[in-house]
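Colleague: My questions all concern the structure below.
Please treat every number below as a calculation from the coordinates, not as lab data. Please read these numbers as outputs of a predicted model, since none were measured by experiment. Backbone-built Cβ (ideal geometry, glycine too); neighbour counts: all protein chains shown.
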Number of protein chains: 2
Amino acid sequence: MMLTDIPTPAALIDETRMKDNIARMQAHMTALGVRLRPHVKTAKCIEVARRQQAEGASGITVSTLKEAEQFFAAGFDDILYAACITPNKIDRALALRRRGCRLTVIVDSIAAAEALAARGQAEQHAFDVMIEVDTDGHRSGVKPDDALLIGIAGTLHQGGAVVKGVMTHAGSSYDLNTHEALARLAEQERSLIVEAAARLRSAGLPCPEVSVGSTPTALCARDLSDVTEVRAGVYVFFDLVMSNVGVCTPHEIALSVLTTVIGHQTEKGWVIVDAGWMAMSRDRGTARHGIDYSYGAICGQDGRSLDDYIMTAANQEHGIVCRRDGQADPDIAQRFPIGSLLRVLPNHACATGAQFSAYQLIDGERAVATWERFDGW
Amino acid sequence: MMLTDIPTPAALIDETRMKDNIARMQAHMTALGVRLRPHVKTAKCIEVARRQQAEGASGITVSTLKEAEQFFAAGFDDILYAACITPNKIDRALALRRRGCRLTVIVDSIAAAEALAARGQAEQHAFDVMIEVDTDGHRSGVKPDDALLIGIAGTLHQGGAVVKGVMTHAGSSYDLNTHEALARLAEQERSLIVEAAARLRSAGLPCPEVSVGSTPTALCARDLSDVTEVRAGVYVFFDLVMSNVGVCTPHEIALSVLTTVIGHQTEKGWVIVDAGWMAMSRDRGTARHGIDYSYGAICGQDGRSLDDYIMTAANQEHGIVCRRDGQADPDIAQRFPIGSLLRVLPNHACATGAQFSAYQLIDGERAVATWERFDGW
């Protein structure tokens, strides 16, 4: 099937670029002597995770129990569910573990640790649990030097759960844009989580695993001593945010949205396309960056970048494409005739992928496979 | 089933509020003497459209051919596909029409009109077509006084297609916030589309239908003389954008996201919940308004507004809830304990609904039905 046969809008994966992205991250992790546990929330696609596994990844990270269930059903059995579990989700995690899934859950509070311990005791089941540590103040987790860390681990350990270790996510890396700053944050992420692990061990508690990760810190880390595994997700596709952060170029972005030109407003220099925010998502991650791509960067049907053009606005099923410099282009209707195809590189691959139920895997302008993705919780 | 039994995050429809919203719009349209053709892109849910039909709606509007196919399969046969059709979508529209669907398509260019006429002639099929007119400069359509209008209609008419009329969408209404300004825009929308219809008729071309619509202009219109039908979508649920525009209050918003508290950062006054942008969408429609709700307005499990709290940030599966005034709340962990439920009112109901594959219809704190919704193209 050729691109021209694909109903639009459609999510395309450039196979060569994805392969290179997977190889690059895996090689860096191998060089630093740590396991890579990819976060599959970006693609939510079995075939993509299989490519990561084939390249050397060890286990997967998920953001929802639905992902855990879907990937386990496809044969992935070493799974870290990386959002703090709550009482109303414990039975669903338990059901997965009883079916043979090596599912690890995380907590960052005494309340959740108690609920997990109590449920484990009632069911005579020992959950595998990691404690989330906050190494950059951006979201969840206990501070590495907080007494709570020992309290939570003690509650779990005495309650019969298996304390597998500590994990952190330096999500503030998305706000940086130099390798030097990212390398410093990677070292902060590493040193603080290692400090948390040391505190647990000093208190006589087990802590075999020390898990860190975000795509920018993973790619810019120079030393991961005493870390056992790295989690990263978006590197598999990359996106314009990652390009602005400085860890890829737009030419390495493997995900794009195929769209058809449906109209023009010639006086304004507008091309109207059939990919609106329902296809691109409402993510405007580059809005606060040096280069604001609005709703996406425009490429031709052949994937070559049309640097002067971006998608400047999006309604539900309409995107407005025009010159980045705001100049009206008098030849716009001839340059991009009704029915012609464009590709749009996304701000945020996780958000754009989520708008589609399948990807078209492409090799040049040929679609070589349809890969399902799932959504929901 | 009670709310506490529903896995989170979940999309809730408050049945009473939705019923009132449907009744209010239908009553206003009936009073103005026009038909209402609801835009089903907001809910993408058969049961919701059936409620609108039962209240008096006449036909539906869709944003994709997938919606047309799904609604036709459910018994809706009078459908306007309100995005300009392109050559690569004509055969799919034709297949629907041959199965008995009264599908009307739209165009705003000679190129699309020619493609439609040519395909119709080749297939000996007369498509029903409306011409999109631009009455407020916000997106697609030909200007009412542009020679192109007659050119397009002539191309269709001479090519054997049925020119059903003209349609417009005053989407710039979302940027206004007073009834007076919206009433003026509604009159602009009405008078310009009526002018376009008159020009077609003067040129000896047919123009039986004159279709306008957006939720704000529909609700604020005082006179719709010479208009035959109104299209509106988001009124069925309403949202925080519509509240800021001034056509509803937050207490009329029928769609909310049920979420569980998964953690706290007490020092910062943060509650972490399991609804992130994957549940809320990345829509930040209120960012440019007087009242910026960030990712949503917080209500208790019972639906009562907690006016002081909003969702200030969202990662994929994590939302951060805190006081709107930025003050840290020292009692936050006691006020919103781990495992407790909140409801979040969305910025944009069309975008938030799209993140879910089903709605839970609720009556108070009781879930009375699960209604499927569909997505994709």
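Colleague: Report, for A:ALA23, each distance to the same residue's label point in the other copies, shortest first and in nm; define the point 7 Å along Cα→Cβ.
Modeller: Label point to label point, same position, other copies: 6.6 nm.
Colleague: If you don't mind, another one. Given Cβ point charges of +1 (Lys, Arg) and -1 (Asp, Glu) and nothing else, what value in debye, to the nearest 20, does the dipole of the range A:241-332 about its Cα centre take?
Modeller: Numbers: 7 positive and 12 negative charges, 61 e Å.
In total the dipole reaches around 300 debye.
Colleague: Taking H placed 1.01 Å from N in the peptide plane, check which residues at least 5 places from A:ALA367 or on another chain put their amide H under 5 Å from its amide H.
Modeller: Placed amide hydrogens put A:MET2, A:LEU3 under 5 Å from A:ALA367.
Colleague: Provide, for q = 0.09 Å⁻¹, the log10 of I(q)/I(0) from a solvent-free Debye sum over equal Cα point scatterers in the protein assembly as shown.
Modeller: Debye curve over Cα of the protein assembly as shown, log10 I(q)/I(0) at q = 0.09 Å⁻¹: -0.82.
Colleague: Using θ = phi - 60° and the Karplus curve 6.51 cos²θ - 1.76 cosθ + 1.60, what whole-Hz ³J(HN,Hα) does each residue of the range B:224-231 get, with Gly and Pro shown as x?
Modeller: 10, 4, 6, 8, 9, 8, 10, 10
Colleague: Something else about it: Which value in nm describes the separation of the simple spin-label points at B:GLU372 and B:GLN158, placed 7 Å from the Cα toward the beta carbon?
Modeller: In this crude spin-label approximation the distance works out to 4.7 nm.
Colleague: Under a GNM of chain A (C-alpha, springs under 10 Å), which listed residue has the highest mean-square fluctuation: A:ASP274, A:ASP145, A:ASP134?
Modeller: Its mean-square fluctuation being the largest, the pick is A:ASP145.
Colleague: While we're looking at this one, here's another question. Once Lys and Arg get +1 and Asp and Glu get -1 on their Cβ, which of A:THR312, A:VAL271, A:PHE76 lies farthest toward the positive end of the dipole of chain A?
Modeller: My answer, from the dipole projection, is A:PHE76.
Colleague: I need the calculated FRET efficiency for the pair B:ALA147 and A:ASP308, taking r as the beta carbon distance and R₀ as 30 Å, to the nearest 0.05.
Modeller: That gives a FRET efficiency of 0.50.
Colleague: Based on the Cα atoms of chain A, what semi-axes does the equivalent ellipsoid have, where each is the square root of 5 times one gyration tensor eigenvalue, given in whole Å with the largest first? Each step should come with its number before you reach the end.
Modeller: On the way: eigenvalues 344, 91, 61 Å².
Equivalent-ellipsoid dimensions as semi-axes: 41, 21, 17 Å.
Colleague: Something else about it: What is the mean projected area of the alpha carbon convex hull for the range B:19-134, to one decimal in square nanometres?
Modeller: Working: hull surface 30.6 nm².
The Cα convex hull of the range B:19-134, projected and averaged over all directions, gives 7.6 nm².
Colleague: A:ARG102 versus B:GLU47, label points 7 Å from Cα toward the beta carbon: distance in nm?
Modeller: With each label placed 7 Å out from Cα toward Cβ, I get 4.2 nm.
Colleague: Tell me the mean residue ellipticity at 222 nm calculated for chain A from its helices only (DSSP H runs of n ≥ 4, each -39500 (n - 2.57), averaged over every residue, nearest 500).
Modeller: Working: 12 runs with 120 residues, N = 377.
My calculation for chain A gives -9500 deg cm²/dmol from helical runs alone.
Colleague: Also, quick follow-up: Please list, in chain and number order, the residues 5+ apart from B:LYS143 or on another chain whose amide H is under 5 Å from its amide H, with Hs placed from the backbone.
Modeller: B:ASP134
Colleague: Just to confirm my numbers, what's the Cα centroid distance between the range B:133-170 and the range A:147-164 in Å?
Modeller: 69 Å
Colleague: When you look at the Cβ of every residue in B:2-14, what mean number of other chain Cβ atoms sits within 10 Å?
Modeller: Details: counts 0, 0, 1, 1, 1, 7, 4, 3, 1, 0, 0, 0, 0.
The shielding value for this peptide is 1.
Colleague: Which chain B residue hugs the B-A rotation axis most tightly by its Cβ, and what is that distance in angstrom, to the nearest whole number?
Modeller: Output: B:ARG282, 2.
Colleague: With only Lys, Arg, Asp and Glu charged, each at its Cβ (+1 for the first two, -1 for the last two), find how big the charge dipole of the range A:1-132 is about the Cα centre; round to the nearest 20 debye. Could the numbers behind the result be given before it?
Modeller: Details: 17 positive and 16 negative charges, 26 e Å.
Its charge dipole is roughly 120 debye.
Colleague: What list of ³J(HN,Hα) values in whole Hz, one per residue of the range A:244-257 in order, does the Karplus curve 6.51 cos²θ - 1.76 cosθ + 1.60 (θ = phi - 60°) give from phi, with Gly and Pro shown as x?
Modeller: 5, 5, x, 9, 7, 10, x, 6, 9, 6, 8, 9, 8, 10
Colleague: Using all Cα-Cα distances in the range A:133-219, what percent lands in each 5 angstrom bin from 0 up to the longest?
Modeller: 3, 16, 26, 22, 14, 10, 6, 3, 1
Colleague: Counting trypsin sites (Lys or Arg not before Pro) as exposed when in a DSSP loop with at most 14 other beta carbons within 10 Å, what is the longest stretch of chain A free of them? Walk me through the numbers on the way to the answer.
Modeller: Values: sites that count: A:ARG99, A:ARG222, A:ARG288, A:ARG304.
Formally, the longest exposed-site-free interval is A:100-221.
Colleague: Let me ask something else about it. Which pairs break 21 Å Cα to Cα here: A:LYS66/B:LYS268; A:LYS41/A:LYS66; A:LYS44/A:LYS164; B:LYS19/B:LYS41; B:LYS66/B:LYS143; B:LYS41/B:LYS143?
Modeller: Details: A:LYS66/B:LYS268 31 Å; A:LYS41/A:LYS66 11 Å; A:LYS44/A:LYS164 25 Å; B:LYS19/B:LYS41 18 Å; B:LYS66/B:LYS143 29 Å; B:LYS41/B:LYS143 25 Å.
Correct reply: A:LYS66/B:LYS268; A:LYS44/A:LYS164; B:LYS66/B:LYS143; B:LYS41/B:LYS143.
Colleague: Put a point 7 Å out from Cα along the line to Cβ at B:GLY204; what are the distances to that point in the other copies, in nm, shortest first?
Modeller: Counterpart label points of B:GLY204 in the remaining copies fall at 10.1 nm.
Colleague: While we're on this one: Defining a contact as two alpha carbons under 8 Å apart and six or more residues distant in sequence, what relative contact order in percent does chain B show? Don't skip to the end; give the middle numbers.
Modeller: Values: 869 pairs, mean separation 73.5, N = 377.
Answer for chain B is 19 percent.
Colleague: May I pose another question? May I ask you to report, in nm to one decimal and beginning with the shortest, the distances from A:ALA147 to the same position in the other copies, taking label points 7 Å along Cα-to-Cβ?
Modeller: Once sorted, the set of distances for A:ALA147 reads 8.5 nm.
Colleague: A further question follows. Short version: what are the Cα gyration tensor semi-axes of the range B:181-274, square root of 5 times each eigenvalue, largest first, in whole Å? Before the final figure, lay out each step's value.
Modeller: Details: eigenvalues 385, 33, 21 Å².
Semi-axis lengths for the range B:181-274 are 44, 13, 10 Å.
Colleague: Hey, in the GNM for chain A with a 10 angstrom Cα cutoff, which one of A:THR42, A:THR217, A:THR86 fluctuates hardest?
Modeller: A:THR86
Colleague: On average over all directions, what projected area in square nanometres does the range B:15-234 have, based on the convex hull of its Cα atoms?
Modeller: On the way: hull surface 45.0 nm².
Directional mean of the projected Cα hull area for the range B:15-234 stands at 11.2 nm².
Colleague: Taking only Cα atoms and a 10 Å spring cutoff, compute GNM fluctuations for chain A and point out the largest among A:GLN52, A:GLN360, A:GLN121.
Modeller: Looking only at A:GLN52, A:GLN360, A:GLN121, the biggest GNM fluctuation is shown by A:GLN121.
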